[in-house]
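The values are calculated or read from the model by the stated rules, or taken from the named source; none is laboratory data. Worth saying up front: this structure is predicted, and the values here are computed from it rather than measured. Note that we place each Cβ from the backbone using ideal geometry, even for glycine, and neighbour counts take in every protein chain shown.
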Amino acid sequence: MQPKAVTHDLRCVGCRQILRGLLPSGVCPECSTPVMVSLVETLDLPSQALARPVHARRVAAALLGVGIGILLWLVAVTSPMLARGFAELGRAPLPLDGGPMDRVAVALSCLAALVFTVSAVLLARRDDDVLLMETGSARARLLWGVSIWCAASFAACVGAFFDLQSLTRLSNAGLWFVCLTVQLVAATVAASGLNRFAAALGRRCRRFRHAGHARQSLETMTVTGAITLVTSFGASVVPALASPDLGLTLRAISFVTGGLLILGGIYLVLNFWWIRQILNAPPPQLADVIRVVEPTARGDSPN
């Protein structure tokens, strides 16, 4: 059997040197990393053994849209908490309801839920048998979750802009917290379905690490979001009960967890972006990267 050489602009995973012309059994001339290591990392052979989604580009774009919707929603629901925390640390408390910042945040959360819903519907369409077979009942959880989430966001938006104090016994702040609680529960249901989709799509990624990171980020954000919601609500109620020190402690906790939520959302989007890249542009096949080296003709110089 004739030896094979790299004919692709394969880059060394150690130093990024181009390995064209080298044999798979050789090493990088710059850093001595085995060529086979770079081949395995670049070709991603385990993921190539699995079928890609039928509509890979649409699925990839929908997954990224879901991540962007989550990040927008996190910014919307945490920015008022963060701003209020800064103001209270400066001894200049903001109004608990009716302020322009809260109205903008509620409107942005509604827009984020809409982006998430449209992307989730595109992700869970019934025209991809491969994806449906691998995700099973996750599709129903995802769609039910986003439906309730979008409805609660719309209710919060209506309450903020049309002043439902005359129609309910809750103040606008109370209505916002109730709607936010419903949104968090619905987001948890949607996240459980999205976890399954991320795992199925992540199998197309190198060693599944990005799918695992995305799933872990979703689970962590769910817990952190619950802590943020409870502490923020407590920080609004406790000072009225003559416990300012406890209220300040709760505000500090919500301040920190709110920042962690935004960082988690950014990290989630980055992992979804990586999965999108690998779905849109799968790694090259082995036959495209190496070829059989023809034997030197008699009388020709090997150089």
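Here are some notes:
- Given (1) surrounded by fewer than 19 Cβ atoms within 10 Å (Cβ to Cβ); (2) at pLDDT below 75, index of the condition Arg204 fails: (1)
- Residue list for the range 122-134, restricted to those being modelled with pLDDT of 85 or more and either assigned to a helix (DSSP H, G or I) or not charged (D, E, K, R) (or both): Leu122, Leu123, Ala124
- Any hit, the range 239-253, residues being β-branched (Val, Ile, Thr) and at pLDDT 75 or above: yes
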